[in-house]
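For reference, the structure is listed below as structure tokens.
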Amino acid sequence: VNKQPVPEIWSGLSLDERAERIKEYSRQVVNHFLEAGVDFDLYEIGNEIDYGISGVFADRTQARDADSLREAIWPDEAYLIRAAIAGVKEADPEAQFMLHIATVWDPDFAVAFYKTMIEMGVDYDYVGFSLYPSAFGLAVYERFCVTLDRLNAEVGKPVILAETGYPAEPFTGGPFRDWNKALPGYPITPEGQAFWISDFLASMRARSDVVGVYFFGPDFWFSGEVWSPFALFDGEGRARPGVASFGEGE
């Protein structure tokens, strides 16, 4: 969410020129995979694009409230997203799209982003989120549920958890070293991870607006402090109990 640079080769292009390159790049990428026999159910344009995309971006020194972004960032961001969607559809006319942001804890922000994209002509099908409860703790987890309710009422598009996870062991260093805020009843242990996955999936299945959940980095057991506490395999590559949680409730 905090890194949305323009590719260096496009850095000298105007916004219109960049949009054309994005459109062509998107078309070429999709054609490449379709010609290789890969079929897609869904395309995500960008990743955690709350504050911008491809160099149209509010960095940490700039205002990041919804009103400021709506004025300074989101119009040009929507322009680039529309270009990407147009390129994909040239290759795959039946394509469906998800927009994915990280701000799950602020219902006003999330609603503003997704409504603004509609108002600015972005033709998307799914709302996408990242959710890592141990990064923020119980209060944010509760706010996430409020965000879902608001979006269901005011935007009305189906929701996909594009990234989520819960650690099986504490972080002791690395970029996510502070993501050790355990939720009540879910200790940061392999068993706690398994219980959280089981209960979270059950709670999402109970909602008609949530249509998909993706656990992020289940295979990153080899990454050390970068991500291995979230993995579904231990440091030897052996499955943790959380693997079995995905088969429950089907």
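The values are calculated or read from the model by the stated rules, or taken from the named source; none is laboratory data. Just so you know, these numbers come straight off a predicted model, no measurement behind them. Cβ sites come from the backbone with ideal geometry, for glycine too, and all protein chains shown count toward neighbours. Each accessible area value is taken on the protein alone, full model and side chains, heavy atoms only, with ligands, DNA and RNA left out. Shrake-Rupley method; radii C 1.70, N 1.55, O 1.52, S 1.80 Å.
Some observations on this one:
- Residue that is surrounded by 13 or more Cβ atoms within 10 Å (Cβ to Cβ) and out of contact with any helix residue (DSSP H, G or I) (no Cβ under 7 Å at 6 or more places or on another chain), where the choices are Asn47, Asn2: Asn47
- Between Tyr114, Tyr126, the distinction of being of a type outside the set (A, V, I, L, M, F, W, C), modelled with pLDDT of 95 or more and open to solvent by less than 10 Å² (accessible area, probe 1.4 Å) belongs to Tyr114 only.
- Of the residues Ser203, Ser228, Ser245, Ser208, the single one that is on the phi < 0 side of the Ramachandran plot and touching a Phe, Trp or Tyr at 6+ places or on another chain (Cβ under 6 Å) is Ser228.
Here's the yes/no breakdown for (1) among the β-branched types (Val, Ile, Thr); (2) closer than 23 Å to Ser228 by Cβ; (3) in a loop (DSSP other than H, G, I, E, B); (4) more than 18 Å from the chain's Cα centre (by Cα):
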{"residue": "Tyr124", "(1), (2), (3), (4)": "no, no, yes, no"}
{"residue": "Leu148", "(1), (2), (3), (4)": "no, no, no, no"}
{"residue": "Leu151", "(1), (2), (3), (4)": "no, no, no, no"}
{"residue": "Ala162", "(1), (2), (3), (4)": "no, yes, no, no"}
{"residue": "Tyr166", "(1), (2), (3), (4)": "no, yes, yes, no"}
{"residue": "Phe176", "(1), (2), (3), (4)": "no, yes, yes, no"}
{"residue": "Asn180", "(1), (2), (3), (4)": "no, yes, yes, yes"}
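- Count of the range 144-191 residues, restricted to those that are more than 18 Å from Val213 (Cβ to Cβ) and either touching a helix residue (DSSP H, G or I) at 6+ places or on another chain (Cβ under 8 Å) or open to solvent by less than 40 Å² (accessible area, probe 1.4 Å) (or both), is 22.
- Whichever residue in the range 73-90 is surrounded by 19 or more Cβ atoms within 10 Å (Cβ to Cβ), out of contact with any Asp or Glu (no Cβ under 8 Å at 6 or more places or on another chain) and among the hydrophobic types (A, V, I, L, M, F, W, C) and, among such residues, is farthest from Gln62 (Cα to Cα): Val88
- In the range 111-130, the residues that are without any contact (Cβ under 8 Å) to a residue 60 or more places away in the chain reach residues that are open to solvent by 10 Å² or more (accessible area, probe 1.4 Å) and of a type in the set (Gly, Ala, Ser) with C-beta atoms within less than 6 angstrom, at least six apart or across chains, in these pairs: Ala112/Ala66.
- Residue within the range 6-28 that is open to solvent by less than 40 Å² (accessible area, probe 1.4 Å), touching a residue at least 60 places away in the same chain (Cβ under 8 Å), of a type in the set (S, T, N, Q) and closer than 22 Å to Val127 by Cβ present: yes
- Taken over the range 202-215, the criterion of being closer than 15 Å to Phe129 by Cα and open to solvent by less than 80 Å² (accessible area, probe 1.4 Å) is satisfied by Met204, Asp209, Val210, Gly212, Val213, Phe215.
- Subset of the range 55-68 that is of a type in the set (A, V, I, L, M) and either open to solvent by 30 Å² or more (accessible area, probe 1.4 Å) or touching a strand residue (DSSP E or B) at 6+ places or on another chain (Cβ under 8 Å) (or both) - its residue that is nearest to Ser26 (Cα to Cα): Ala58
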